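Taking it in order: structure first as structure tokens, then the write-up.
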Amino acid sequence: MLKEISSSNFMKSKVNRALATGVVGVLLTLGLWSISMMETWEAKTWDWRARLLARPGKATSDIVLILLDQNSLDWAKNVNSLTWPWPREMYGAIVDFCQQRGAKAIAMDILFTESSKYGVPDDMALAEAISRFDAVAMAAFFGDQTGELIRWPSTLSPPPINVDGLDVGEKEKGMRVRSFARVSLPVDPLATAAAFLCNVSLRPDDDGIFREAELLGRFDGQAVPSLGLGAYLAANPKTTVSLVSHGLTVGERKIPLDADGRAILRFRGPSGTHKTYSAAAVLQSYIQMQGGEAPNIDDPDAFADKYVFFGFSAPGLYDLRPSPVSGVYPGVEIYATLLDNLLSGDFMRLCPIWMTICLMVLLSFGASLSVSHFKSVTANAGTITLFVAAPIPMALIAYIQGFWLPLVAQETAVIVTIGLTLIVNYTTEGRQKRFIKTAFKHFLSPDVIDQLIAQPERLKLGGERRELSIFFSDLQGFTSISEGMDPESLILLLNDYLTEMTDIIHEEGGTIDKFEGDAIIAFWNAPLEAADHAVRAVRAALRCQERLAQLRPAYAERAGAQVRMRIGIHTGSAVVGNLGSNTRFDYTMIGDAVNLAARLEGANKQFGTFTMISQTTYDRIHPRYPTRELARLAVVGRKEPVTVHEPMLPAAYQEKEKIIDLFLQGLDLFYEGEMARAESIFSEIAEVDPAANAYARMCRELAGAVPDDWRGVWVMKSK
């Protein structure tokens, strides 16, 4: 038996197919993701998000930068005749200025790994300034291949930082802390004076962009802070630091770390977002203050309670790094951004992988289901655009909430799924279209089939109860006609007749149930619903009669007799659907309503009429077509009588209007049991109206023998 195709089954099939296609799309995407096929593009989209959404944080104003820029180099050379490298006492002056202005700490992003060319007194001048401040984080370079030392020197104490959990296994923490094999330290006086020695060996991503930063490293078994964290610890030396699962706690602050122990930075904007001063301006102000003059930097709060970072921005000093927000970004600003995120408590974090996969599945499933649902090119284009664009606002919202939600993976999953869906739809819908055409090409008009193909969910091939308008037709005297014709001529005539009638039924949206010899059985309102199914059925009947009248002369010449058809129509509830075996079936109808329609076709013989409809059909077409009531008819196999009518085209009704008026007068008398008076009226028009003639005979038969329980019912004795 052919499987039922209903709107619910179509929807279920679409949902299952969309889910399967979405899962396949996600699996293919995850496969590409697992082999790092998307990392480059994902990084570029992250940079776009960072540039678009970069905003100062609540602690951005707590950080100040002093940059040794090109202007500072020119000032030192032109005004003070100082060439590069500068004497270290100049850096000492900057440290003293920051201390005098009330800075919390200063982080020096400069490697003093060799003694000053100006001699030991120059190193000591800077060391003394650092000692006076006592909150200076100095740079040291830790690496695997580069560095002079493989252990902490015995004359130097390791950084005063104790990290809880540093020795716990990497699997338990879900990340690893980078270990360094070598280090290049500042010269002894500076290393000894510094509050913290900090790592400044930044690692970019594979494309050379600095998006993340390590807060901690490990050398010779000892934890080493990065310069950003070191600046905070220099100002807050009693802060406890602990490694926890997938993160690091600094005091009360939790910092999320990835599997490599790195934090994703939330950049605040392009270079210069943090308040920045030129090293020349700071030195000039320091000199002016020493001389009792008003300094150029005259705001007394400019450095008060601020974390100060000193670094290079002059192009020739080679400390410019590419970042998501700028292709040229001073390296010291990366450490400043790290501290800014720490103070603001808003480091970015990776979106959990399960959440990303769930979003990919939902988007892919939705895209597949929507593309499968919509049929028009415009609707599909809009749907595709919507789902391809959807991951973008989701990724932006996630960024605002502090999450790196993979964008390229979602886009890839959606695009791959849409592509697969289009391929699957093309394949399955092509098969579906062929099935519909094959199953209904003999039953429905091409226009109706096209509607089914466009909206297959409207199709229900399994059994269902539905109100139908049912059409039965038969040729009058076909047996006699067939006996007088040779088989070949008979078949040609019959095929010609059936084709003409079928075309009209199809044009009116009817479904051909079957042909039984010369008989045509059809119905309306299935498989497609039609609110005006009764009107369509009656109109089809009247058109068929009109067309047959046009063909009758030609058919009479071929058949040697007049060819007339009788039609019975009833509107009622019936079961419609597939009926048959596993190998052969018909889309047909069964039920009492079907039997009644068949009886009405045969009842035309009783009255000499050719089209008869039931009361329920009349109720649904009135007053679209004029009719005359024919009888209260009791058909074989049915207890209750049914009122039947004869529909007509308006022109035919007007032509017979006087005859019909007399007929209805006689019919009323017949219903009342006044047989003599009824027979008198019917007899007046009996020669021109076969129905009146039939009633005249019936009145004569009942004259003087009207039953006591007479209800005016015409009882059929045979089918």
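The values are calculated or read from the model by the stated rules, or taken from the named source; none is laboratory data. Note that the structure is predicted; figures quoted are calculated from it, not measured. Counting neighbours? That spans all protein chains shown, and the Cβs are built from the backbone with ideal geometry, glycine included. Side chains included, ligands, DNA and RNA excluded: accessible areas come from the protein's heavy atoms. Shrake-Rupley method; radii C 1.70, N 1.55, O 1.52, S 1.80 Å.
Has segment 527-550 got any residue that is of a type in the set (Lys, Arg) and not in a helix (DSSP H, G or I)? Break it down into steps so the answer makes sense when it comes.
Going through segment 527-550, the residues of a type in the set (Lys, Arg) turn out to be 536, 539, 543, 547.
Cutting the leftovers down to not in a helix (DSSP H, G or I) gives us none.
No: zero hits.
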Residue in segment 586-598 that is touching a helix residue (DSSP H, G or I) at 6+ places or on another chain (Cβ under 8 Å), of a type in the set (Ser, Thr, Tyr) and modelled with pLDDT under 95 present: yes
For THR588: the one exception among (1) of a type outside the set (Gly, Ala, Ser); (2) under 53 Å from the mean Cα position of the chain (by Cα); (3) open to solvent by 50 Å² or more (accessible area, probe 1.4 Å): (3)
Residue in segment 376-390 that is of a type in the set (Phe, Trp, Tyr), within 19 Å of MET360 (Cα to Cα) and at pLDDT below 90 present: yes
Matching residues, segment 643-654, being hydrophobic (A, V, I, L, M, F, W, C), in contact (Cβ under 8 Å) with a residue 60 or more places away in the chain and within 14 Å of ILE569 (Cβ to Cβ): MET648
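Could you list all residues from segment 639-660 that are more than 19 Å from THR611 (Cα to Cα) and outside any loop (DSSP other than H, G, I, E, B)? Quick ask: steps written out before the conclusion?
Going through segment 639-660, the residues more than 19 Å from THR611 (Cα to Cα) turn out to be 639-640, 658.
Scanning segment 639-660 gives a single hit, LYS658.
Taking the criterion of being of a type in the set (Phe, Trp, Tyr), open to solvent by less than 40 Å² (accessible area, probe 1.4 Å) and in a helix (DSSP H, G or I), would at least one residue in segment 486-506 satisfy it? So that I can check it myself, show each step before the final result.
To start, the set of residues in segment 486-506 that are of a type in the set (Phe, Trp, Tyr) comprises 497.
Now narrow it down to the ones that are open to solvent by less than 40 Å² (accessible area, probe 1.4 Å): 497.
If we keep only those that are in a helix (DSSP H, G or I) too, we end up with 497.
Taking every residue of segment 486-506 in turn, at least one turns out to be of a type in the set (Phe, Trp, Tyr), open to solvent by less than 40 Å² (accessible area, probe 1.4 Å) and in a helix (DSSP H, G or I).
Looking at the structure I just gave you, is PHE210 at pLDDT 90 or above, open to solvent by less than 30 Å² (accessible area, probe 1.4 Å) and in contact with a Lys or Arg (Cβ under 7 Å, 6 or more places away or on another chain)?
Numbers: at pLDDT 90 or above: yes; open to solvent by less than 30 Å² (accessible area, probe 1.4 Å): yes; in contact with a Lys or Arg (Cβ under 7 Å, 6 or more places away or on another chain): yes.
For PHE210, the condition - at pLDDT 90 or above, open to solvent by less than 30 Å² (accessible area, probe 1.4 Å) and in contact with a Lys or Arg (Cβ under 7 Å, 6 or more places away or on another chain) - is met.
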Members of segment 374-406 that are over 20 Å from ARG262 (Cβ atoms), aliphatic (A, V, I, L, M) and open to solvent by less than 40 Å² (accessible area, probe 1.4 Å): ALA379, ALA390, ALA395, LEU396
Which numbered condition ASP305 misses (of (1) touching a Lys or Arg at 6+ places or on another chain (Cβ under 6 Å); (2) open to solvent by less than 60 Å² (accessible area, probe 1.4 Å); (3) of a type outside the set (Val, Ile, Thr)): (2)
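Pick out the one residue from SER36, SER81, SER72, SER8 that is crowded, with 17+ Cβ neighbours inside 10 Å and modelled with pLDDT under 95. Walk me through how you get there before you give the answer.
Working: SER36 fails: crowded, with 17+ Cβ neighbours inside 10 Å; SER81 fails: crowded, with 17+ Cβ neighbours inside 10 Å; SER8 fails: crowded, with 17+ Cβ neighbours inside 10 Å.
Result of the check over SER36, SER81, SER72, SER8: SER72.
Output the residues belonging to segment 47-65 that are within 30 Å of ILE110 (Cα to Cα), open to solvent by less than 40 Å² (accessible area, probe 1.4 Å) and part of a helix (DSSP H, G or I). I'd like the intermediate steps shown before the answer.
Of segment 47-65, the ones within 30 Å of ILE110 (Cα to Cα) are 47, 50-51, 54-65.
Within this subset, residues satisfying the condition of being open to solvent by less than 40 Å² (accessible area, probe 1.4 Å) are 47, 50, 54, 57, 59-60, 63-65.
Within segment 47-65, ASP47, ALA50, THR60 qualify.
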Residue match in segment 608-622 (condition: at negative phi, more than 55 Å from the chain's Cα centre (by Cα) and open to solvent by 10 Å² or more (accessible area, probe 1.4 Å)): yes
Residues located in segment 527-572, provided they are touching a residue at least 40 places away in the same chain (Cβ under 8 Å), open to solvent by less than 60 Å² (accessible area, probe 1.4 Å) and of a type in the set (Gly, Ala, Ser): ALA534, ALA537, ALA540, ALA541, ALA559, ALA561, GLY568, GLY572
Of all residues making up segment 251-278, the number that are modelled with pLDDT of 95 or more, open to solvent by 30 Å² or more (accessible area, probe 1.4 Å) and under 33 Å from the mean Cα position of the chain (by Cα): 1
Pick from segment 393-410, criterion touching a Ser or Thr at 6+ places or on another chain (Cβ under 9 Å) and in a helix (DSSP H, G or I), ranking: nearest to GLY57 (Cα to Cα): ALA395
First in segment 467-482 and at positive phi, second anywhere and modelled with pLDDT under 95 and open to solvent by 10 Å² or more (accessible area, probe 1.4 Å), Cβ under 7 Å, 6 or more apart: GLY477/ALA561
Every residue from segment 623-638 that is assigned to a loop (DSSP other than H, G, I, E, B), surrounded by fewer than 18 Cβ atoms within 10 Å (Cβ to Cβ) and without any contact (Cβ under 8 Å) to a residue 40 or more places away in the chain: PRO623
Odd one out for ASP708 among (1) part of a helix (DSSP H, G or I); (2) of a type in the set (Asp, Glu); (3) surrounded by fewer than 17 Cβ atoms within 10 Å (Cβ to Cβ): (1)
Matching residues, segment 82-111, being closer than 22 Å to ASP62 by Cβ and acidic (Asp, Glu): ASP96, ASP109
Complete set of residues in segment 138-156 that are in contact with an Asp or Glu (Cβ under 9 Å, 6 or more places away or on another chain) and of a type in the set (A, V, I, L, M, F, W, C): ALA139, LEU149, ILE150, TRP152, LEU156
Given (1) of a type in the set (A, V, I, L, M); (2) in contact with a Leu (Cβ under 9 Å, 6 or more places away or on another chain); (3) modelled with pLDDT of 95 or more; (4) surrounded by fewer than 16 Cβ atoms within 10 Å (Cβ to Cβ), index of the condition VAL328 fails: (3)
Residue in segment 361-368 that is of a type in the set (Val, Ile, Thr), closer than 30 Å to ALA279 by Cα and in contact with a Gly (Cβ under 8 Å, 6 or more places away or on another chain) present: no
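Name the one entry in LEU227, LEU265, LEU233 that is touching a Lys or Arg at 6+ places or on another chain (Cβ under 8 Å) and under 19 Å from LEU65 (Cα atoms). Working first, answer last.
On the way: LEU227 fails: touching a Lys or Arg at 6+ places or on another chain (Cβ under 8 Å); LEU233 fails: touching a Lys or Arg at 6+ places or on another chain (Cβ under 8 Å).
That would be LEU265, the only listed residue that is touching a Lys or Arg at 6+ places or on another chain (Cβ under 8 Å) and under 19 Å from LEU65 (Cα atoms).
Does GLU701 count as closer than 22 Å to ASN604 by Cα, open to solvent by 20 Å² or more (accessible area, probe 1.4 Å), without any contact (Cβ under 8 Å) to a residue 12 or more places away in the chain and more than 60 Å from the chain's Cα centre (by Cα)?
Values: closer than 22 Å to ASN604 by Cα: yes; open to solvent by 20 Å² or more (accessible area, probe 1.4 Å): yes; without any contact (Cβ under 8 Å) to a residue 12 or more places away in the chain: yes; more than 60 Å from the chain's Cα centre (by Cα): yes.
For GLU701, the condition - closer than 22 Å to ASN604 by Cα, open to solvent by 20 Å² or more (accessible area, probe 1.4 Å), without any contact (Cβ under 8 Å) to a residue 12 or more places away in the chain and more than 60 Å from the chain's Cα centre (by Cα) - is met.
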Top-ranked residue of segment 155-194 - restricted to ones that are more than 14 Å from GLY261 (Cα to Cα) and touching a Gly at 6+ places or on another chain (Cβ under 8 Å), ranked as most open to solvent (accessible area, probe 1.4 Å): ARG182
Members of segment 550-581 that are more than 16 Å from ALA522 (Cβ to Cβ), hydrophobic (A, V, I, L, M, F, W, C) and touching a helix residue (DSSP H, G or I) at 6+ places or on another chain (Cβ under 6 Å): ALA559, ALA561, VAL563
Any chance THR479 is under 45 Å from the mean Cα position of the chain (by Cα), hydroxyl-bearing (Ser, Thr, Tyr) and more than 21 Å from HIS645 (Cα to Cα): no
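Restricting attention to segment 117-146, report how many residues are aliphatic (A, V, I, L, M) and outside any helix (DSSP H, G or I).
Count: 6.
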